1. With the condition kept exactly as written, say whether any residue in the range A:93-116 is over 30 Å from residue A:29 (Cβ atoms) and away from chain B (no Cβ under 14 Å).
2. Does the range A:335-359 hold any residues that are farther than 15 Å from residue A:376 by Cβ and in contact with a helix residue (DSSP H, G or I) (Cβ under 9 Å, 6 or more places away or on another chain), and which are they?
3. Looking only at the range B:1-25, which residues are in contact with a helix residue (DSSP H, G or I) (Cβ under 7 Å, 6 or more places away or on another chain) and more than 9 Å from ligand 2 (Cβ to nearest atom)?
4. For residues that are surrounded by fewer than 16 Cβ atoms within 10 Å (Cβ to Cβ) and not in a helix (DSSP H, G or I), tally how many sit in the range A:40-82.
5. Report, by residue number, each residue of the range B:31-46 that is within 23 Å of residue A:378 (Cβ to Cβ) and within 12 Å of another protein chain (Cβ to nearest Cβ).
6. Here is a check on your reading of the model: is residue A:147 more than 14 Å from chain B (Cβ to nearest Cβ) and either surrounded by fewer than 23 Cβ atoms within 10 Å (Cβ to Cβ) or near ligand 1 (Cβ under 10 Å from one of its atoms) (or both)?
7. Does residue A:356 qualify as being within 14 Å of another protein chain (Cβ to nearest Cβ) and not in a helix (DSSP H, G or I)?
8. Can you tell me which condition residue A:70 does not meet? The list is (1) away from every other protein chain (no Cβ under 12 Å); (2) at pLDDT below 95, and all the others hold.
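The values are calculated or read from the model by the stated rules, or taken from the named source; none is laboratory data. Note that the coordinates shown come from a computational prediction; the quantities given were computed from them, not determined experimentally. Using ideal geometry, Cβ is built from the backbone for each residue, glycine included, and neighbour counts are taken over all protein chains shown.
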Ligand SMILES: Cc1cc2nc3c(=O)[nH]c(=O)nc-3n(C[C@H](O)[C@H](O)[C@H](O)COP(=O)(O)OP(=O)(O)OC[C@H]3O[C@@H](n4cnc5c(N)ncnc54)[C@H](O)[C@@H]3O)c2cc1C
Ligand code: SF4
């Protein structure tokens, strides 16, 4: 954008949306700013929902991303509990529920993702998903009644819910389609360790199976059947089988919304329209491929770049992806791409001691670095992932 | 500028150390340590960046 906009609208008022708003102000934008979010709460943080909030260690209010004073200073119109319902890029109008039409000069789309559901059964009492503060509240209230819990899906959310529920002393079954929890994210060897972590704590881990249907009894869930024909009895079921980008409202916009809002390397989807966070699929200039990340740090980093580019910076967005997950007393952190099929080399510590750093490499190039209970030791390897060198060299000299 | 750090919120990402290495460090558990609660003006930009990027909203800034 060459001329400074007079009205910037941000759809989605969570990690990415709020960061975009703050960045615009920090970069000197002092025009009209509107933030639209369909949840009733002030922007809050999601990672604690499956951890401290579900465990009852934090009151939900601790998840607030900013203080009320910070929001006042931001000087934005915060439309909470309001939903963007349609977008007309050619006229630069965003439609909001109750028939309101808002004109914008520039728009940032940060509507995140929504949890995928099983084909049926979500209306039964005792069936949960976990994405929002309200979901967390409902789930925790139910877990306090000490139900037998089944968790469908062993990605980050499912695995964390299983760990937290196990910590609350519940009987937990974790149902995992792959060979081990997080197998698609971490590769088999490491995922196998995650599986062990769960079974060591007494979680019943069912691998290589999916859920076929939920079993009901008098309007409540009573269990579920699995693809191998077995039945898992449960009084509470958490469905954590992934998410889909929240782009329903963009269906008639003309934007490419195949798996998220498609953006170029500058987080731009169309003239005057940018996207950031879980909802954005952008062309990663170094990987030279479109990617979409559902990681907390990506939401902030991408929002910063999108906001700066909206104001004319023209910076390509080429982050080193980063995520962490906390399960039991274990912190797993990863920089870069840690996909299956990579060659995994332990460069620090020892998996048997439950503290190590492992490098992931493809064709001799280091693509990712993972730390298991080793935050400090992992940090220097971030550089290595950002500026890859042949892995032999990395193994020999990369140690801190 | 006055910086406060809520170590209880910190999730050990280390983003703050990358943004402002003179102001933040990490302990062995990865929990951030505030080296200087009143950093000099020339470090302010890095500290603001750290506060914005911190994925746990653990860093708060107050103008003096
Ligand atoms: C339980 C849980 C645990 C997690 N743990 C970790 C972790 O340990 N590590 C990690 O790296 N990441 C974790 N994540 C992922 C991380 O929270 C997300 O990457 C991050 O929240 C993405 O931020 P976002 O702003 O892009 O999207 P979101 O946080 O999804 O925010 C989008 C907002 O837009 C709203 N919205 C949607 N559609 C509309 C509409 N049409 N109009 C108005 N508003 C709309 C949504 O209701 C929501 O408030 C976790 C996520 C969850 C749910
Ligand atoms: S950026 Fe935030 S969460 Fe990460 S180490 Fe620093 S204070 Fe902790």
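1. Within the range A:93-116, one or more residues are over 30 Å from residue A:29 (Cβ atoms) and away from chain B (no Cβ under 14 Å).
2. A:336, A:337, A:338, A:339, A:340, A:343, A:344, A:345, A:351, A:354, A:358, A:359 - these are the residues of the range A:335-359 that are farther than 15 Å from residue A:376 by Cβ and in contact with a helix residue (DSSP H, G or I) (Cβ under 9 Å, 6 or more places away or on another chain).
3. Scanning the range B:1-25 gives B:1, B:3, B:20, B:22, B:23, B:25.
4. 9
5. B:31, B:32, B:33
6. Yes: the conditions hold for residue A:147.
7. No, not satisfied.
8. Status for residue A:70: all satisfied but (1).
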